[in-house]
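Novice: Can you read through this structure? Questions will come right after.
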Amino acid sequence: MITLSMKNFMPLTSHQTGIKIKDKILNAIKQEDLIVLDFEGVEVCTDSFMQQLTTILSNEIGFAELRKKVKFTNLNDFIKELVKSKLFLASREFAA
């Protein structure tokens, strides 16, 4: 298991930061079965940032692999709802 602390990448307000973390996830998946994204200490992130970690990542590795290998932890209510909405969209795109 590899844990990536999202507070080390703050602010989580850009598409570019999302790409950077998505690339770290893709590299980590080659080495480990589980990648934990720890949002402890993170109060806010943007839609475009989260899109990289959900919708775009699921297009690259498949939605089933995303759900199996990437876990989100220590989410506040705002970020939890954002993750849920993006995962819902990713699941719909995968099913289409």
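Novice: What number, rounded to the nearest 500 deg cm²/dmol, is the helix-based mean residue ellipticity at 222 nm of the chain, given -39500 (n - 2.57) per DSSP H run of at least four residues and division by all its residues?
Specialist: Roughly -15500 deg cm²/dmol at 222 nm, from the helical runs in the chain.
Novice: Suppose every Lys and Arg Cβ carries +1 and every Asp and Glu Cβ carries -1, with no other charges. What dipole size does the stretch 37-96 come out with about its Cα centre, to the nearest 20 debye? Each step should come with its number before you reach the end.
Specialist: Details: 8 positive and 9 negative charges, 64 e Å.
For the stretch 37-96, the charge dipole is close to 300 debye.
Novice: Related question: Can you give the local net charge around Leu82? Use residues other than it whose beta-carbon is closer than 13 angstrom to its beta-carbon, Lys and Arg +1, Asp and Glu -1. Before the final figure, lay out the partial values.
Specialist: Working: positive: Lys80, Lys84, Lys86; negative: Glu43, Asp47, Asp77, Glu81.
After counting each charged neighbour, the total is -1.
Novice: Here's another thing I want to ask about it. Using Cα-Cα distances under 8 Å and only pairs 6 or more residues apart, what relative contact order does the chain have, in percent?
Specialist: Answer for the chain is 33 percent.
Novice: Provide the net charge surrounding Lys24, with neighbours chosen by a C-beta distance below 12 Å and charges set as Lys +1, Arg +1, Asp -1, Glu -1.
Specialist: My count for the surroundings of Lys24 gives +1.
Novice: Less than 11 Å Cβ to Cβ from Leu34, Lys/Arg counted +1 and Asp/Glu -1: what total charge do the surrounding residues give?
Specialist: +1
Novice: Quick one: Karplus J couplings for the stretch 71-87, per residue in order, coefficients 6.51, -1.76, 1.60, θ = phi - 60°, nearest Hz, x for Gly and Pro?
Specialist: 10, 9, 9, 6, 8, 6, 4, 4, 5, 4, 5, 5, 4, 4, 5, 6, 5
Novice: Using the basic label-point model (7 angstrom from Cα toward the beta carbon), what is the Val44 to Asn27 distance in nanometres?
Specialist: 3.0 nm
Novice: For Rg and Dmax of the Cα atoms in Å, the listed values are (i) 12.1, 36; (ii) 11.9, 33; (iii) 16.4, 54; which was obtained by calculation from the structure presented?
Specialist: The calculated read-out lines up with (i).
Novice: Over 20 Å between Cα atoms: which of Lys22/Lys71; Lys24/Lys84; Lys30/Lys71; Lys22/Lys86 fall into that group?
Specialist: Those over the limit are Lys24/Lys84.
Read-outs: derived from the displayed coordinates by stated rules, not from any lab. Only a predicted model underlies this, so the values are computations on that prediction, with no experimental measurement involved. Here Cβ is always computed from backbone atoms with ideal geometry, including for glycine, and neighbour counts include all displayed protein chains.
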